[in-house]
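**Q** Let me begin by handing over the structure; questions about it come next.
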Amino acid sequence: MSTAALPDAGHADLGFVRRYIFSTDHKVIGIQYIITGLVMALVGVALALLIRLQLGWPDHQWTLLSTLFPAGYAGGVMTPEFYLAVVTMHGTIMVFFFISYVLVSGFGNYLVPLQVGARDMAFPFLNMLSYWIAFLSALVLIASFFVEGGAAAAGWTAYPPLSAIAAAVPGSQLGQTLWLLSMALFIASFTMSGLNIVATVFSVRAPGMSMGRLPLTVWSYFIASILGLLAFPPLTAAAVMLLLDRHAGTSFFLPGGLVVGNQLLSTSGGSPLLWQHLFWFLGHPEVYVLILPALGIACDILPAFTRKPVFGYRISVWCLVAVGVLSMIVWGHHMFVSGMSPFTGEYFSLVTLTITVPMTIFGVNMLASLWGGTIRMRVPMMFALSVIALFGSGGFGGLFLGNATADMQLHDTYFVVGHFHMMIGGVTLMATFAAIYYWFPKMFGRTMNEALGKAHFWGTFGPFFIIFFMQHFVGLEGAPRRYYAFTSFDYLQHTRGTNLAISISAMVLIAAQALFFVNFCWSLVAGRRALPNPWHATTLEWTTASPPPYGNFADREPVVHRWAYEYGVEAPEGDFADQTVPPRSVPVTV
Amino acid sequence: MSIAATHPDAAERGDLVRLGLWIFLGTVTMLFAAFTSAYVVRRSGADWQPVWLPPVLWVNTAVLLGSSLALEAARRLGLSQRVASAGSAYLIALALGIAFLAGQVVAWRQLVAAGIYLPTNPSSSFFFMLTGAHAVHVVAAVGVIAWGTVVTWTVGSRDAVRWNTTTDVCCLFSHFLFGVWLYLLALVSFS
């Protein structure tokens, strides 16, 4: 069929609402996800600030905060119940409503069709529906701050019985119900988005774009989406059962003999561990749903700033596949202290340590991609390098936690907090910033300020590493997570100085984000105009205008002739050949 | 699966829709797999007592099978270029789909009349939840069949590609849900 007349057909006639609010264009939807995620990040970071103020200065009277949160800061000091709610909402927002929205749904939406050479997602209307359900999900979660009892307080893992009994803690009232409702909406939205990405990669690729020529970014989104589609439904099932336990008197997760407020509850026979199994069947693949796109993005950014192909492309793809498969069978390593049979624990230890093999190969491939390159230390490259640094450091901590014997000691300590913040916090955060700085010129047709970007990088990476590296040692000292203060424990008194240093580092980290927001907003309106391919990169999105038109590729359909990493070659444009350059112009190397 | 053009035509869109449905059915399968694992774990509890199954469930099973078969008949009529005749088959499928939902309501009311409520026993909790989750999907399927009926009456043979896509989606979704129903019935029957 002819595609010449398709790209802007009718689009220019659409009103503002259809073009920018209820748009079916994957680029607009991607940007909507990114902006929504960044706004949610503001909330999540504000909560992190409250946590660090409390842990750094547990005895201090906060007059301003007691005015803002009279119930949460009774007498000027944070209450334990409020601390639990703050920690719960911080974790929930950062995992599901910041990283998932910005990195997975946001950049996934924006990049996948462009990089496979499609004019849009396979199901544009479903895509729009996905965003608006996600938006509603975020609204429901935010609304839970304002209901009686406040926001959910059972942790981002929502373990019952705490999450199932309204009388257990103030946050277990309506706030927990809204949390569950919000998660159900989130899962519905994420399923639609994942379905779209899988179908698009599978079936709507440009001529010549074989699976073996897909950029690693696309591969990572493809596998992450499959993981999401398989892993999220069990959480839906668990959420339904928890809602029924909360509101319909069932006992799926509630055992007998529970006493709350000196009253024996009528529950019987339920299993709180059942929730843990169902939750972590989602929860662990979710880690890879977030991390794989981060790694894929880093892999695509590295070659543009080393001017050489990524190392071990095919092996890296197989590593992604292997990690995807293994991630579905390792969830029990979150439950080593749940009374699990030692034999089952051995199994989960073994498969968890097995997953380090493909992950390590992938990491080594990223390092080898730097070897011999002409490294250009631009802002996206600096963030991509920090992805490798945090992936290595955080992954090393994972070796301890994957081992059942070591985990018995470290479980529920700050060692775990430090580990997972480096992995699903740091790796994904750095990749998110790398992606924003790298694709900002493509998305908005302008470049971000380099000097501000570098200042932002050092203000982010330095404090981030210090905070979560030190938390490993606080954990080794035996400091338990989720405690609102350590003032009552003699054996932890000597960690108060470390906690203070962590809190001060957190302030620096948070303050540094102002540089990013200033740079982002200023560059949107006054940044230097960007060329279509400012980084001299090779993937398909750089072959079209910045920003791309509706339909992505104007009046010509891209035809792919080579893989995505044709760097270090002699070509008319320089030392690279994009994927559409025919072999007669530049010989195909792979 | 062939690769569609970057801006797919109607036939390619049909393949995309079928692929999308298969992926969706994969997620639904995972949902019921999770319910099943919870069921197996909870069934081992000391307080578990088998739930009484109202006989109307067997009638409902036959009704759902009838709906699925009617859609299959519609599809085969289309294959033999008799799309106009498929409208009646669609109407039968739609009526039987609605009848199944009504039959499920009857089953739930019979349980309630017998004093068996959602929280009475974990087995009854699972029965109401599993059949409820299945019914939600059947409601969606009835919506799809209604849409297919409208397409048959309004577009019909004038747009064979669209009609084939619609009918394939209706058939696949309905057959799948009938399979899930048989599975759930076996699960709760042999507890």
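**Q** Would you compute, from DSSP H runs of 4+ residues alone, the mean residue ellipticity of chain A at 222 nm, taking -39500 (n - 2.57) per run and dividing by the full residue count, rounded to the nearest 500?
**A** Dividing the helical sum by the residues of chain A leaves -19500 deg cm²/dmol.
**Q** Another question about this same structure. In µm²/s, what is D for the stretch A:174-258 at 25 °C and 0.890 mPa s, where D = kT/(6 pi eta Rh) by Stokes-Einstein and Rh is the Kirkwood radius from Cα pairs? Intermediate results must be reported in sequence, preceding the final value.
**A** Values: Rh = 15.3 Å.
Using the Kirkwood radius from Cα pairs, D works out to 161 µm²/s.
**Q** How many Cβ atoms of partner chains, on average, are near each residue of A:230-242 if near means within 10 Å of its Cβ?
**A** Partner Cβ neighbours, averaged per residue: 5.
**Q** Then there's this: Taking the radius of gyration and the Kirkwood hydrodynamic radius from Cα positions alone, what is the Rg/Rh ratio for the stretch A:209-261, to two decimal places?
**A** 1.38
**Q** Which value in nm describes the separation of the simple spin-label points at A:Ala389 and A:Thr157, placed 7 Å from the Cα toward the beta carbon?
**A** Inter-label distance under the simple model: 3.0 nm.
**Q** A further question on this structure: Just checking the output field for B:31-40: average partner chain Cβ neighbours within 10 Å of each residue's Cβ?
**A** On the way: counts 9, 2, 5, 14, 8, 1, 6, 12, 1, 0.
Partner-chain Cβ atoms within 10 Å, mean over residues of B:31-40: 6.
**Q** Let me ask something else about it. Cross-link candidates for A:Lys442: which lysines have Cα within less than 19 Å, leaving aside residues fewer than 8 places away along the same chain?
**A** A:Lys27
**Q** I would also like to ask the following. Please average, across the residues of A:552-559, the number of beta carbons from any other chain that are within 10 Å of each residue's own beta carbon, and give a whole number.
**A** Average neighbour count from other chains, rounded to a whole number: 1.
**Q** Apply the Kirkwood formula to the stretch B:10-189: the hydrodynamic radius equals the inverse of the mean of 1/r over all pairs of different alpha-carbon atoms; give it in Å with one decimal.
**A** One decimal place: 17.4 Å for the Kirkwood radius.
**Q** From a point 7 Å beyond the Cα of A:Glu477 in the direction of its Cβ, which residues of the stretch A:41-66 have a backbone N at a distance under 20 Å?
**A** Residues A:51-60 qualify, since their backbone N sits under 20 Å from the label point.
**Q** Can you pull the one-decimal nm distance between simple spin-label points at B:Val112 and A:Ala451, each 7 Å off the Cα toward Cβ?
**A** Rounded to a tenth, the inter-label distance reads 7.2 nm.
**Q** Taking the simple approach of a point 7 Å from Cα along Cα-to-Cβ for both A:Val590 and A:Cys521, what is their distance in nm?
**A** 4.2
**Q** Neighbouring Cβ atoms within 10 Å as the yardstick, rank A:Val525, A:Val287 fewest first.
**A** Values: A:Val525 8, A:Val287 20.
Starting with the residue having the fewest Cβ neighbours, the order is A:Val525, A:Val287.
**Q** Give me the orientation-averaged projected area of the Cα convex hull of chain A, in nm², one decimal.
**A** Details: hull surface 108.9 nm².
One quarter of the hull surface, i.e. the mean projection, equals 27.2 nm².
**Q** Relative to the compact globular guide of 2.2 N^0.38 Å, what is the alpha carbon radius of gyration of the stretch A:88-132, as a ratio?
**A** Ratio of Cα Rg to 2.2 N^0.38 Å: 1.35.
**Q** Hey, another quick one. Which order do B:Leu77, A:Leu292 fall in if you start with the one that has the fewest other Cβ atoms within 10 Å?
**A** B:Leu77, A:Leu292
**Q** Order by neighbour count: A:Met423, A:Met430, fewest other Cβ atoms within 10 Å first, most last. Let's see the in-between values first.
**A** Numbers: A:Met423 22, A:Met430 27.
By the 10 Å Cβ count, ascending: A:Met423, A:Met430.
**Q** If you don't mind, there's one more thing I want to ask. If r is the Cβ-Cβ distance from A:Met408 to A:Ile375 and R0 is 45 Å, what FRET efficiency results, to the nearest 0.05? Let's see the in-between values first.
**A** Numbers: r = 43 Å, r/R0 = 0.95.
That gives a FRET efficiency of 0.60.
**Q** Among all the aspartates and glutamates, which ones have a C-alpha under 14 Å from A:Lys454's C-alpha, if same-chain residues fewer than 8 places away are not counted?
**A** none
**Q** Let me ask something additional. Report the extension gain between A:Thr360 and A:Ala143 in nm, rounded to one decimal, defined as 0.36 nm multiplied by the number of residues separating them, less their alpha carbon distance.
**A** Extra length from A:Thr360 to A:Ala143 when fully extended: 74.0 nm.
**Q** Would you mind putting A:342-351, A:35-44 in packing order, based on average other-beta-carbon counts within 10 Å, highest first?
**A** On the way: A:342-351: 15.5, A:35-44: 18.8.
So the order, starting with the most tightly packed, is A:35-44, A:342-351.
**Q** Within straight cross-link reach of A:Lys308, meaning Cα distance under 17 Å, which lysines are found once same-chain residues fewer than 8 apart are removed?
**A** Output for A:Lys308: empty list, no partners.
**Q** Assuming R0 = 35 Å, what is the FRET efficiency of A:Tyr491 and A:Phe396, from their Cβ-Cβ distance, to the nearest 0.05?
**A** Once rounded, the FRET efficiency stands at 0.85.
**Q** In the P(r) worked out for the stretch A:1-128, what percent of Cα pairs fall beyond 22 Å?
**A** Value for the stretch A:1-128 (Cα pairs over 22 Å): 53 percent.
**Q** Want the number for A:Ser268 to A:Asp13: 0.36 nm per residue separation, take away the alpha-carbon distance, what's left?
**A** Gain on stretching A:Ser268 to A:Asp13: 85.6 nm.
**Q** Right, next: Cβ neighbours within 10 Å, averaged per peptide: list A:576-589, B:123-136 in order, most packed at the top.
**A** The densest-packed peptide leads the list: B:123-136, A:576-589.
**Q** Next question. Need one number for the stretch A:387-440: average projected area of the convex hull over its C-alpha atoms, nm².
**A** 3.6
**Q** Return the FRET efficiency for the residue pair B:Arg43, A:Val559: r is the Cβ-Cβ distance, R0 is 60 Å, and the value is rounded to the nearest 0.05.
**A** Plugging the Cβ-Cβ distance into 1/(1 + (r/R0)^6) gives 0.55.
Coordinate-derived values only; no laboratory data. All values derive from a computational prediction rather than experimental measurement. All Cβ positions, even for glycine, are placed from backbone atoms using ideal geometry, and neighbour counts span all protein chains on display.
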